[in-house]
Amino acid sequence: MIDFKLHYYFDDVVSYDNGTTLENVKVGYDYHPVLTDYPHAPDYAEIYDVFVFNLKGDDISCDLPLSEFEHVVSEAKIHHARMLKEQNEI
């Protein structure tokens, strides 16, 4: 496994065949907030660098169907929003 040194991780389940077979995975991601303070450059949108690892620790991000990877990215956004909400409540 390559050590990506990602900041956030959570467990999820993915499917290669529309839900018939499921695989447990670990999702790792970094979050880069919106940048609007560049005086001579355009503003940049928020960025989620998302990677999916199987139980052996191999990066399988490119092996997933696009719809499944989009689902994992949306789960990463939900995970991040939930984590920020919990931090603000403490």
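The numbers here are math on the coordinates, done by the rules we state, and not lab data. This is a predicted model, so every value here is computed, not measured. Note that each Cβ is placed from the backbone with ideal geometry, even for glycine, and that neighbours are counted across all protein chains shown.
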Checklist entry - Hey, of (1) 49, 35, 26; (2) 132, 12, 9; (3) 39, 29, 18, which did the structure itself give for Cα extents along the principal axes in Å when calculated? => result (1)
Next on the checklist: Only four residue types carry charge here, +1 at the Cβ of Lys and Arg and -1 at the Cβ of Asp and Glu. Report the dipole size of the chain about the Cα centre in Debye, rounded to the nearest 20.
Outcome noted: 180 debye
